[in-house]
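Asks: If you scroll down you'll find the structure; I have some questions about it.
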Amino acid sequence: MRLGRMLLPLGVLAVVLSLIDPGAALSRIASARIWPLLGALALAQLVILGSAWRWQVTVQALGQALPRRHAVGEYYLASLFNIVLPGGVGGDALRVWRGRLAHGTGPALRGVMIERFSGQVMLALVLLAGLGGSGARDDSVGLVAVFVAGLACLGALLVFGARLPGSPGRALAGFGVDLRRLARAGRAMGQLLALNLIVVAALIGSFWLCTRAVGTEMPLSAALIVIPLCLAAMLVPAGLGGLGLREGAAAALWPLAGFAADAGVAASLLFGLVHLVAALPALYLLARPHSGADRRAAR
């Protein structure tokens, strides 16, 4: 099963490369402009820092202590592990595993899942807003509807899942309580709204700058639809950090916006590379010895 989840996106990538001109895509990557890439790298750093702050706000509203410095360090590690480990969620599992000693496995898991879920809700809102732009097409509307419907089903499962019989109900117990507790935290909800908007805007902006780096002048109306849909493809827990599925989505969506498929694949590959580079400070955190202060901060 795990091998299949790993091979599927790689197979998708192989098919995508066979359907486009891989030489053209590689040529675009080789001749990419440096300044848009540096801008994309800066926004990728903002994604990590904003996400760490979002996590801190979320878990503190749920009654868990999480110092900002510790949250940032953990999120750098999680970002790197999500990219390099099969499945794309290894970093989130690491945050749960490292947080279980201080808060227990259940609360740590709910804090991480609710934090990530709130980001996907904002992505869905951006997609819905993008539908009002001139770049929307019937093909895009259907894909957006599928994503939003799936997200709504997941939200309903988290809120009402405790009512399910047996082990599924026990596993989902507490999510509804925590979500309602978070909804009543007015200041935290305001902070989460702002932080999610910043993180999603930085994600879209970094991808958009990668498209400009390879010579694609995509208007904002189109970018607000095709780029979030490419990001949504990364949510499938398979492969390495969305590799393959993201490129498949780009190859399919770029022509709908009037651009070459190889340009979308080139931009998508650069986006993945930029975010890998942005997460590399985690190597320092892995290499340095943990001090007593660090261990106390995790508690």
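The values are calculated or read from the model by the stated rules, or taken from the named source; none is laboratory data. Source: prediction; values computed, not measured. Using ideal geometry, Cβ is built from the backbone for each residue, glycine included, and neighbour counts are taken over all protein chains shown. With ligands, DNA and RNA removed, areas are computed over all heavy atoms of the protein, side chains included. Shrake-Rupley method; radii C 1.70, N 1.55, O 1.52, S 1.80 Å.
Asks: Checking the structure you have, find out if any residue of region 151-158 is closer than 30 Å to ALA261 by Cα, of a type in the set (A, V, I, L, M) and without any contact (Cβ under 8 Å) to a residue 60 or more places away in the chain.
Replies: yes
Here's the yes/no breakdown for (1) surrounded by 16 or more Cβ atoms within 10 Å (Cβ to Cβ); (2) part of a helix (DSSP H, G or I); (3) touching a residue at least 40 places away in the same chain (Cβ under 8 Å):
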{"site": "ALA162", "(1), (2), (3)": "yes, yes, no"}
{"site": "ASP178", "(1), (2), (3)": "yes, yes, yes"}
{"site": "ILE198", "(1), (2), (3)": "yes, yes, yes"}
{"site": "THR211", "(1), (2), (3)": "yes, yes, yes"}
{"site": "MET218", "(1), (2), (3)": "yes, no, yes"}
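Asks: Continuing with this model, one more query. Taking the options LEU158, LEU128, LEU109, LEU182, name whichever one is touching a Ser or Thr at 6+ places or on another chain (Cβ under 9 Å), part of a helix (DSSP H, G or I) and either surrounded by 13 or more Cβ atoms within 10 Å (Cβ to Cβ) or on the phi > 0 side of the Ramachandran plot (or both).
Replies: LEU182
Asks: Quick check, is ARG246 at pLDDT below 90 and open to solvent by 50 Å² or more (accessible area, probe 1.4 Å)?
Replies: In short, no.
Asks: Tell me the residue from LEU172, LEU197, LEU179 that is among the aliphatic types (A, V, I, L, M) and at pLDDT below 85, please.
Replies: LEU172
A quick yes/no check of all residues on (1) closer than 15 Å to ILE48 by Cβ; (2) crowded, with 20+ Cβ neighbours inside 10 Å; (3) out of contact with any Pro (no Cβ under 7 Å at 6 or more places or on another chain); (4) in contact (Cβ under 8 Å) with a residue 40 or more places away in the chain:
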| position | (1), (2), (3), (4) |
| --- | --- |
| GLN64 | no, no, no, yes |
| ALA71 | yes, yes, yes, no |
| LEU80 | yes, yes, yes, yes |
| LEU85 | no, no, yes, yes |
| GLY91 | yes, yes, yes, no |
| ARG98 | no, no, yes, yes |
| ALA102 | no, no, yes, yes |
| ILE114 | no, yes, yes, yes |
| SER118 | no, yes, yes, yes |
